[in-house]
Amino acid sequence: MDGACGSKRKRGGRPKSKYWNEAGKIGKDMWKCNHCKEKFSGGATRIEEHITGKGNSIRKCSKYPGHEGGHNIIASGSTSPREALHTLNQLREDEINLGDQIVEHDSAAFEKAFFYPKGDPDAVCIRNSDIELLQPEKCLNDNIIDFYINYLKNKLPTDKQDRFHFFNCFFFPKLVDLSTDNPSIASDGKAAFQRVSKLTRKVNLFEKDYIFIPINYSLHWSLIVICHPAEVMTCYRDEETKGSPKEACILHMDSRKGIHQDLHNVFQSYLCEEWKERHNNVRDDDVSSIFLHLPFVPLELPQQQNAYDCGIFLLHYVERFLEQAPINFNRSMISKFSYWFPPPDAPLKRSHIQKLLIAAEGDNKMIVGGSVNPQNSTKLSAALLGGDVEDHTVNGGSNGDDALTINQLLSKLTREEDWLHWREFQGNKRKRQDDDWLDKLKDLKKRAIDVKNSLHQSGSTNELDEPSELDIEFDVLLIQKPWGLRDKNVKKMWDLLEDEEVFIIGIDGMGGVGKTFMATHIKNEIKRKGTFKDVFWVTVSHDFTTFKLQHDIAETIQVKLYGDEMTRATILTSELEKREKTLLILDDVWDYIDLQKVGIPLKVNGIKLIITTRLKHVCLQMDCLPNNIITIPLNIITEEEEEEAWELFLLKLGHRGTPARLSPHVLEIARSVVMKCDGLPLGISVMARTMKGKNEIHWWRHALNKLDRLEMGEEVLSVLKRSYDNLIEKDIQKCFLRSALFPTIIRKEEWVTMVVESGLLNGKRSLEETFDEGRVIMDKLINHSLLLDRGSLRMHGLVRKMACHILNDNHTYMIKCDENLTKIPQMREWTADLEAVSLAGNEIEEIAEGTSPNCPGLSTLILSHNLISHIPKCFFRHMNALTLLDLSCNRRLTSLPKSLSKLRSLTSLVLRQCSKLKDIPPLGDLQALSRLDISGCDSLLRVPEGLQNLKKLQCLNLSRDLYLSLLPGCALPGLSNMQYLDLRGWSGIKVEDVKGMTMLECFAVSFLDQDCYNRYVQEIQDTGYGPQTYFIYFGKFDDYTLGFSENPIYLCLEFKRRRVCFGDCDELPYLLPRDLAELLVSGNHQWECLCAALSSNGSLSFKDIDIGYCTKLKSLFCVSCSLCTNIQNLKSLKLNNLDSLSVICKEDVAGLTQSLSRRGVFSHLKELSIDGCHQIEKLLTPGLVPQLQNLESISVSDCESIKEIFAGDSSDNIALPKLTKLLLRWLPELKTVCKGILLINSEDILEIDYCPNHEKPRISLCIRNSCKEKTKS
């Protein structure tokens, strides 16, 4: 019997109920069903009501296996697999004695089940309810997890099984004691060991190479793998043994990183106790210290793309790790896990596990009501395949179904064969394992053709394979496919072609990436399959005219044209409409095409159009929906993709499909040449063709040197340059060329900022207009495939070389970004005619003393994202023309040379995130400076000297994480041209410091003095002439609360955002700006009432209030003070982790019964969210309800004391006409939503989870002024 369900259960002296064993105790008077996991309170009566469904206020168990009278062999909280198997064996003996005649009990049928592995004392019980969880969009339970792990364990070779140990899903809850009321994870190693010692007494974990532990809590699955636990006493005892080939560590594999964050000390402390149990002669302190340093490594892994595949990913992690588990493992091998497998691979396991269960079921008799029923095998198979029992007869279905199955299978087999051609183009050379897999595929195809012929000739399959069996074999073969999941873009293409509602499909991507090849591949396959009756291909190109395109289409479909443009269009339309199922492919489209003017009809007779283009906006302009556009990606090169690029190069370098063999002395250089192509198929192919027959090393060195000098072949250059030439506006071309100086990978906001800092968008405009233009230019470059959008921006290596080629036609640039340089280039490369230098994104550590490049014409120098610690005094001596200097993100830089003070032409100086920089030389002579960014320089002790002299300064960013006093009046007054000013982290700011900045648009500031803050609000912000974008902070902030979490660089990109945030400060009256949009209070430990600390001089227009982590806050509003009466447009109220909050409105405490006015604080409220507020018992009183007529969403979670959502008696009906969501979760004391009737538009808006004591609310559905009362289950 489970420890939670002991024999001492009594209630008032009554005899023990027969239902006690159906639930486990999880707290005081709290129970959890062993079958459906429902939680509820009470005793024997409540358990019986839940199991039998006879209670009026408790949900019936949906997974209870049966009633009395049958043999219940389903494993539950009190029935072990051994006991169940004993019963099962007795039933099998009965079956043998009865021969083929099998008795079925008259009692209600139990849930069908079988055990795997067959005959194993630790077998897993599988039921239909488990199997249903393998359907799409469902979460797996412990039975399915344990089944598949057992399957993987049994697949291992016998001689290797001893290397591994697999715990089942019940180990972790037992280890950390999840059965208690404590929501946190227990990490007491000794207690944990005592709870699980019986489970491990027969196995020595320290003899295993790998230990697998499935983890489930917080509604999420993840995986722990303990590697080489025995090595912990050698690897971490002293420095000399660190880094050994076999290293003890704990790997955490999580498909949604961040949910299971608190596992760090659980396993170290438990393993320590396991070790001490087996080694008596050790000192506790020594052992504990060693195990405490056992590395716990959260891996960077492919992540699930939804909320239900965590269990599937766990199983995929186990399987992939077992496939690759080395004899010796250490942390140096971890980097390869980042690209372990494509995330879409994992969900394929659902169907795979279904097929395995069919096979496993075949080896087990099904149990129905305690007896064996021969029909259940077919029924379970049907359930696994997702169909009805009647559709899956023993012989595989009707002949018509067989023919359909075999035809669909042959189509899939042919598509898989053709797929190899696509993979080879993408750089995947055929390998031996690919050929082996292809042989299996061809054998399966041959057998499928035999079955099809047999069906055609005789109407039966005779003694051949059943079509359904072949289809299952194909699914298994797909799982075994060496290169994983088929490319999602081709699959998406077929889905779109088969969708009758889709008429235009776009294929976009940068030049040379393979758009035309993909379209050709699809065209050839369509012709083979006959998917469309006609497929026509027309190449449009950049010299498009309507007349020319009409001519090319007419020539392709073999029709004569005459007359003007309209007449020709009519002829083409008429001719195309005569045809059925026609696909027209327009390749290499550069401009918008008016299909009606050309004469291309759509939505008639199944006509579809495919467009290939580099310009995504062209697809959109032609009414191609965004979801119907397929972007051919060019991913960041990984180690695996490097190898694939190399294989493609050798294949193209060879002869007729035979890879070339290069002599050892050129191999390294040749690989470097291929890497310069950055994975672009066009570049690799052209380079291979250029180097055919070149075996001498000087040829390869010459090719590499040309690429290092940013030279490339004319063929590749011309293809890529067409995208640049298509940029009509000169300003956009300049911004693209400027991008070649930026780091290879850069955030979008930083890209826009760097373009603005470069001065290309200068003009007498507002800051908002300038940054908006920068964003538009960025979007256009992305649409032209000149910048790649992967969340961050990336410029492809060959595109950068193309840009540099254009730049160096008329200028002299040195661009060496992200080339792993450790030193700056040699002095001979710093020529006197250099205009721009970018060495961004390298690993340059220092610049040698005495280095002084003679570059009198140099205007731009970018040394960002390096490791520079020191710059020589004379470095800038000969750079007097410098206008832009970017040294950002050199986190080791401690000082700057005084020669910086003499760069009088400088307009932009960027030093952000130089966190160790302690001093900046005087800047007073830099009279041309308009942008200065020293944000994130937290080691600075004072503002730069001479700041007050920079009269042209427009953008100044001084933000920092640490508070430092800014001497008032010494630097800021007089900087009247300021448009952007960020002073977060500096105290001592006064109104006089910023009062003369009439052009200020964006302002971020910290205050610690109440009087200074209130004066600023009253004298600047409330006059109507203050900045339209501001972020004002008052008080001190803890690291874990809001702090200064917004990136200081990008505040200027959030125009018209107006926020005030209060941290920890006294409860004094603070004036709120009248135009405030967002109010945040975070980490305050002194306020008791919100409106006691805040006030207003007039109506307030803010829409959002967000309050969190305030320990003393008891109430928010009083409804009668100046703050409450002036709030007129509050839309969202979010409260979280307020330890003392007991009411929302202070007046409720006084027990006022009168209803509040319908016009008040909450009259416009749409969203109310409360989380972690444990003192509040009644959320909304009757007096507040009249104000909530616009409320759309209520979310209440993890509030331990809350008993009622809407307080009142049974006569108080709650009418919320606009409510669309009422989410209640983890409310253990909740009794009712409301005692009266809840009037809402739909019962579907209610979602109540883990509220064991709540009563079913009475609701009335209000539809078109009519109400229908019902009870919500």
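Per-structure values
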quantity: Test: residue in region 1242-1260 that is in the same structural domain as LYS1131 (by TED's automatic domain parsing), modelled with pLDDT under 90, surrounded by 20 or more Cβ atoms within 10 Å (Cβ to Cβ) and not in a loop (DSSP other than H, G, I, E, B); calculated: yes
quantity: ASN854 out of contact with any helix residue (DSSP H, G or I) (no Cβ under 9 Å at 6 or more places or on another chain), in the same structural domain as PRO897 (by TED's automatic domain parsing) and in a loop (DSSP other than H, G, I, E, B); calculated: no
quantity: Scope region 1094-1110; condition within 33 Å of the chain's Cα centre (by Cα) and modelled with pLDDT of 90 or more; matching residues; calculated: LYS1103, ASP1104, ILE1105, ASP1106, ILE1107, GLY1108, TYR1109, CYS1110
quantity: Cross-chain or 6+ apart pairs with Cβ under 7 Å, region 829-843 first and within 18 Å of ARG800 (Cα to Cα) and assigned to a loop (DSSP other than H, G, I, E, B), then modelled with pLDDT under 90 and among the acidic types (Asp, Glu); calculated: GLY841/ASP818; ASN842/ASP818; ASN842/GLU819
quantity: Hey, ASP993 outside any loop (DSSP other than H, G, I, E, B) and in contact with a helix residue (DSSP H, G or I) (Cβ under 6 Å, 6 or more places away or on another chain) or not; calculated: no
quantity: Listing of strands (runs of 3 or more DSSP E) fully contained in region 1174-1225 that carry 2 or more residues being within 24 Å of SER1120 (Cβ to Cβ) and not acidic (Asp, Glu); calculated: 1178-1180
quantity: Cβ pairs under 7 Å, 6+ apart, first in region 731-745 and of a type in the set (Lys, Arg), second buried (at least 20 other Cβ atoms within 10 Å of the Cβ) and in a loop (DSSP other than H, G, I, E, B); calculated: ARG738/SER758
quantity: Residue list for region 1158-1203, filter: polar (S, T, N, Q) and over 25 Å from TYR1109 (Cβ atoms); calculated: SER1163, THR1181, GLN1187, GLN1189, ASN1190
quantity: Residue match in region 959-980 (condition: closer than 26 Å to ASP1075 by Cα and part of a strand (DSSP E or B)); calculated: yes
quantity: Residue among LEU707, LEU741 that is modelled with pLDDT under 75 and within 37 Å of the chain's Cα centre (by Cα); calculated: LEU707
quantity: Which numbered condition LEU572 misses (of (1) buried (at least 19 other Cβ atoms within 10 Å of the Cβ); (2) closer than 26 Å to HIS796 by Cα; (3) modelled with pLDDT of 90 or more; (4) out of contact with any Lys or Arg (no Cβ under 9 Å at 6 or more places or on another chain)); calculated: (2)
quantity: Residue match in region 643-657 (condition: assigned to a helix (DSSP H, G or I), modelled with pLDDT of 75 or more and of a type in the set (Lys, Arg)); calculated: yes
quantity: Hits in region 158-190 (condition: modelled with pLDDT of 85 or more and part of a loop (DSSP other than H, G, I, E, B)); calculated: PHE167, ASN168, CYS169, PHE170
quantity: Which listed residue is at pLDDT 90 or above and surrounded by fewer than 14 Cβ atoms within 10 Å (Cβ to Cβ), from LYS1268, LYS1203, LYS1218; calculated: LYS1218
quantity: Looking only at region 786-820, and only at residues there that are part of a loop (DSSP other than H, G, I, E, B) and at pLDDT below 85, the one that is surrounded by the fewest Cβ atoms within 10 Å (Cβ to Cβ); calculated: GLY791
quantity: Unique residue being farther than 24 Å from LEU223 by Cα, modelled with pLDDT under 75 and of a type in the set (Asp, Glu) when the list is ASP262, ASP238; calculated: ASP238
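Residue-wise test of (1) more than 15 Å from ASP1171 (Cβ to Cβ); (2) not β-branched (Val, Ile, Thr).
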{"position": "LEU1184", "(1), (2)": "yes, yes"}
{"position": "SER1193", "(1), (2)": "no, yes"}
{"position": "PHE1206", "(1), (2)": "yes, yes"}
{"position": "THR1232", "(1), (2)": "yes, no"}
{"position": "LYS1235", "(1), (2)": "yes, yes"}
{"position": "ILE1245", "(1), (2)": "yes, no"}
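To keep it simple, each residue is scored yes or no on (1) under 17 Å from LEU175 (Cα atoms); (2) in contact (Cβ under 8 Å) with a residue 60 or more places away in the chain; (3) in a loop (DSSP other than H, G, I, E, B).
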{"position": "LEU263", "(1), (2), (3)": "yes, yes, yes"}
{"position": "PHE267", "(1), (2), (3)": "yes, no, no"}
{"position": "ASP285", "(1), (2), (3)": "no, no, no"}
{"position": "LEU301", "(1), (2), (3)": "no, no, yes"}
{"position": "GLN305", "(1), (2), (3)": "no, no, yes"}
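Quick grid of which residues meet (1) outside any loop (DSSP other than H, G, I, E, B); (2) in contact with a Phe, Trp or Tyr (Cβ under 8 Å, 6 or more places away or on another chain); (3) at pLDDT 85 or above; (4) not assigned by TED's automatic domain parsing to the domain that holds LYS442:
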residue: PRO482; (1), (2), (3), (4): no, yes, no, no
residue: LYS491; (1), (2), (3), (4): yes, no, no, yes
residue: GLU525; (1), (2), (3), (4): yes, no, no, yes
residue: HIS542; (1), (2), (3), (4): no, yes, no, yes
residue: ARG568; (1), (2), (3), (4): yes, yes, yes, yes
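Matching residues to (1) crowded, with 19+ Cβ neighbours inside 10 Å; (2) assigned by TED's automatic domain parsing to the domain that holds ILE472; (3) modelled with pLDDT under 70; (4) at negative phi:
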| site | (1), (2), (3), (4) |
| --- | --- |
| LEU413 | yes, yes, no, yes |
| ASN428 | yes, yes, yes, yes |
| ARG432 | no, yes, yes, yes |
| ALA448 | yes, yes, no, yes |
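The values are calculated or read from the model by the stated rules, or taken from the named source; none is laboratory data. Please read these numbers as outputs of a predicted model, since none were measured by experiment. When we count neighbours, we look across all protein chains shown, and the Cβ atoms used for this are built from the backbone with ideal geometry, even at glycine.
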